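J.: Following this message is one structure expressed as structure tokens.
The values are calculated or read from the model by the stated rules, or taken from the named source; none is laboratory data. Source: prediction; values computed, not measured. When we count neighbours, we look across all protein chains shown, and the Cβ atoms used for this are built from the backbone with ideal geometry, even at glycine. Only protein heavy atoms, including side chains, enter the accessible area calculation; ligands, DNA and RNA are left aside. Shrake-Rupley method; radii C 1.70, N 1.55, O 1.52, S 1.80 Å.
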Amino acid sequence: MISLEPSRTPYDLEWRMFGFPIRVNPWFWLIMAMLGGRSLQFGFEVLLLFVLVAFVSVLVHELGHAFMMRRFGGIPRIVLTGFGGVAISGTGGRTRMERILISLAGPFAGLSLFGIVVGSDALFHWAETSRMTVFAYVFLYQVNLYWNILNLLPVFPLDGGQVVRNAVSRSEYTGLRLATQVSMVTCGIVVMYCFFANQLNWIPVDPLFTGVMFGLLGYQNYMIYQQLNGPRSFSDDPFRR
């Protein structure tokens with residue numbers, strides 16, 4: 001989602017799926033365990049279940065990007081790390097619409113998984129068959145709905161910010177400049193909302209973590225915006241899919 005590709009470590013988990021090389025950095029497991037820390041009160045096995053659900057959900061999201069990249073001639077690879085994952089192709093020369101479709105493919109895949117979870121429970125009522133299936137349903141519901149909605153916010157380099165960048169201008173410089181401006185405003189609104197949500201328990205995601213994350217994203221966009229005032233080469237843009 002927002003991570004760049006990390007260096008390899010001896011503890012990486014690697015395999016191939018649907019022809020895509022996939023690598024999981026150890027930081028992914030640690031951050032997901034921290035995000036699911038509240039579930040530890042229900043037992044260690046529930047925390048492990050949250051980490052498993054997060055792994056499957058993030059992988060499905062990144063597979064959505066990867067399939068669309070391959071559709072447009074790329075040879076993508078997937079890395080899960082830190083606060084999410086990244087699908088990397090490195091193929092330039094795509095049209096604006098192709099880049100937009102690649103950005104939207106990840107959230108579409110995640111929201112499709114959400115629809116499958118909700119629809120299958122409506123048909124087969126599997127969620128309440130045991131204590132663990134209740135937790136599995138709740139985690140699958142929350143991660144695939146709320147995380148993908150947050151990812152669609154117009155905040156660069158999240159998918160919604162990538163869409164803004166490519167949609168607002170044919171010029172990469174102008175597009176990125178406008179995307180960072182929109183991102184800073186959006187991050188400010190989200191941080192303020194999370195502050196009140198933390199007091200009133202308004203939202204089902206962790207408001208403290210969400211507020212900190214969007215605060216960091218806002219600062220990151222501010223730094224990018226400042227850099228855009230000087231010379232910039234887009235040929236080595238690390239955020240391009």
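J.: Spot the failing condition for Cys187; the list is (1) at pLDDT below 95; (2) closer than 30 Å to Glu98 by Cβ, and only one is missed.
T.: Of everything listed in (1) at pLDDT below 95; (2) closer than 30 Å to Glu98 by Cβ, Cys187 misses just condition (1).
J.: State whether one or more residues within the stretch 117-137 are without any contact (Cβ under 8 Å) to a residue 12 or more places away in the chain, within 21 Å of the chain's Cα centre (by Cα) and under 30 Å from Phe156 (Cβ atoms).
T.: Checked the stretch 117-137: no residue is without any contact (Cβ under 8 Å) to a residue 12 or more places away in the chain, within 21 Å of the chain's Cα centre (by Cα) and under 30 Å from Phe156 (Cβ atoms).
J.: (1) modelled with pLDDT of 90 or more; (2) assigned to a helix (DSSP H, G or I); (3) touching a helix residue (DSSP H, G or I) at 6+ places or on another chain (Cβ under 6 Å): which one isn't true of Pro154, the others all being true?
T.: (2)
J.: Taking strands (runs of 3 or more DSSP E) that do not extend beyond the stretch 1-88, which have at least 3 residues that are touching a Pro at 6+ places or on another chain (Cβ under 8 Å)?
T.: 77-81
J.: How many of the residues making up the stretch 124-151 are among the polar types (S, T, N, Q), assigned to a loop (DSSP other than H, G, I, E, B) and open to solvent by less than 70 Å² (accessible area, probe 1.4 Å)?
T.: Summing the residues that are among the polar types (S, T, N, Q), assigned to a loop (DSSP other than H, G, I, E, B) and open to solvent by less than 70 Å² (accessible area, probe 1.4 Å) in the stretch 124-151 gives 1.
J.: Could we say that Leu216 is open to solvent by 30 Å² or more (accessible area, probe 1.4 Å), hydrophobic (A, V, I, L, M, F, W, C), at pLDDT below 80 and not in a loop (DSSP other than H, G, I, E, B) here?
T.: The answer is no for Leu216.
J.: Can you tell me which residue within the stretch 156-174, out of those that are charged (D, E, K, R) and surrounded by fewer than 21 Cβ atoms within 10 Å (Cβ to Cβ), is farthest from Glu62 (Cα to Cα)?
T.: Arg170
J.: Can you report the number of residues in the stretch 87-116 which are over 20 Å from Gly175 (Cβ atoms) and either under 11 Å from the mean Cα position of the chain (by Cα) or open to solvent by less than 30 Å² (accessible area, probe 1.4 Å) (or both)?
T.: Total satisfying the criteria: 3.
J.: Oh, and also: Name the single residue that is nearest to Gly106 (Cα to Cα) among those in the stretch 219-237 being at pLDDT below 80 and open to solvent by less than 80 Å² (accessible area, probe 1.4 Å).
T.: Top of the filtered list is Asp237.
J.: Would you check which residues across the stretch 89-107 are in a loop (DSSP other than H, G, I, E, B) and free of Cβ contacts under 8 Å to residues at least 40 places away in the same chain and list them?
T.: Passing the criteria: Gly90, Thr91, Gly93, Arg94, Thr95.
J.: Does Phe72 qualify as being open to solvent by 10 Å² or more (accessible area, probe 1.4 Å) and at pLDDT 95 or above?
T.: No: the conditions fail for Phe72.
J.: Considering only the stretch 60-68, I want to know if a residue exists there that is free of Cβ contacts under 8 Å to residues at least 40 places away in the same chain, open to solvent by 50 Å² or more (accessible area, probe 1.4 Å) and of a type outside the set (Gly, Ala, Ser).
T.: Looking for residues that are free of Cβ contacts under 8 Å to residues at least 40 places away in the same chain, open to solvent by 50 Å² or more (accessible area, probe 1.4 Å) and of a type outside the set (Gly, Ala, Ser), one finds at least one in the stretch 60-68, hence yes.
J.: Continuing with the same structure: Could you list, in sequence order, the residues of the stretch 1-59 that are under 27 Å from Ser103 (Cβ atoms), touching a residue at least 40 places away in the same chain (Cβ under 8 Å) and of a type in the set (Lys, Arg)?
T.: Arg23
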